[in-house]
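Structure first, then comments.
No value in this document is a laboratory result; all are computed from the given coordinates. Note that this is a predicted model, so its numbers are computed, not measured. Cβ sites come from the backbone with ideal geometry, for glycine too, and all protein chains shown count toward neighbours.
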Amino acid sequence: MGNRFVFLGPPGAGKGTQAGFVSDKLGIPAIATGAIFRSAISKETAMGKEVAQFVNSGLLVPDKLTNAVVAERLKEKDCKRGFLLDGYPRSLVQAKALDAFLNQAKTPLAAVLYFNVNADIVIERMGKRRVCSQCGATYNLVSQPPKVDGKCDKCGAALMTRADDQPQSIRKRLDVYQKTTKPLLDYYEKKGILKILDASQSVQSVAKEVAQICGVK
């Protein structure tokens, strides 16, 4: 089936941390939509300029444009041996577009991992989360701290706390996430590739389960 995975889960579920582990072990890129958007914007491609209009206005990038940007990214050389999509697809429309793209290339998904976690744990984790102001790399002051306090390991830029990492905002985002993700989970369950993980466990325990599913030795 190849090393093609989708990681789904609410903000603070630990997807990014686990994606990093799998990416390093299997030598495949971990791709988050936020990073793809930033890359497209910085390259000032036609699609990048279109994405910038939505991002700069604080609007959601429409499915059609998101799908096109992701498809372009998946055509790059480093995805030939596989890839890991972190947080995409976010809707049934996106999931079907991704399937259509992968089926055409005869490279279907191997598994979709859903990181299930309750709101209280997410709120506690997000209070300790820091994000790089430049490259978007994510850290946790307890489980995955930066090597130098307040600075990104990858690019050296300052780390920040996101404004929407406040308890009230988090609960609202979780409610919205659960409602929008339910059809996605049903879709992948019917396809027989959905794996649900208890992401409330320690990083190490979750990593063991992820490694087993993704064939990491």
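Computed over the chain, relative contact order equals 30 percent, with contacts defined as Cα pairs under 8 Å that lie 6+ residues apart.
Local charge for residue 18 was computed over the other residues whose Cβ lies under 14 Å away, with Lys and Arg +1 and Asp and Glu -1, and equals +1.
For the chain, a Gaussian network of Cα nodes joined below 10 Å ranks 13, 207, 46 by mean-square fluctuation, and the top entry is 46. Between 59, 194, 102, where does the largest GNM mean-square fluctuation fall for the chain, given springs only between Cα atoms within less than 10 Å? Evaluated over the chain, the most mobile residue of the options is 59. Each part gets one Cα centre, and for the stretch 98-164 versus the stretch 10-79 those centres are 12 Å apart. Contact order for the stretch 1-130, expressed relative to its length and based on alpha carbon pairs under 8 Å spaced 6+ residues apart, stands at 47 percent. Checked against a 30 Å cut-off, the cross-linked pairs 25/195; 96/154; 128/154; 49/190; 64/147 give Cα-Cα distances beyond that limit for 96/154; 49/190; 64/147.
Loop-resident trypsin sites (Lys or Arg not before Pro) (DSSP state other than H, G, I, E or B) in the stretch 8-67 with no more than 16 further Cβ atoms inside 10 Å of their Cβ are absent. Give me the percent relative contact order of the stretch 78-153, please, defined on Cα pairs under 8 angstrom at least 6 residues apart. Averaging sequence separation for qualifying contacts and normalising by length gives 13 percent for the stretch 78-153. Bridges between two residues of the stretch 91-200, per DSSP, are antiparallel at a rate of about 60%. Shown in residue order for the stretch 136-147 are the 3J(HN,Hα) couplings computed by the Karplus curve 6.51 cos²θ - 1.76 cosθ + 1.60 at θ = phi - 60°: x, 4, 10, 10, 10, 4, 9, 8, 8, x, x, 5 Hz (x for Gly and Pro). Report summary: the helix-based calculation at 222 nm, which adds -39500 (n - 2.57) for every DSSP H run with n ≥ 4 and divides by the residues of the chain, gives -15000 deg cm²/dmol.
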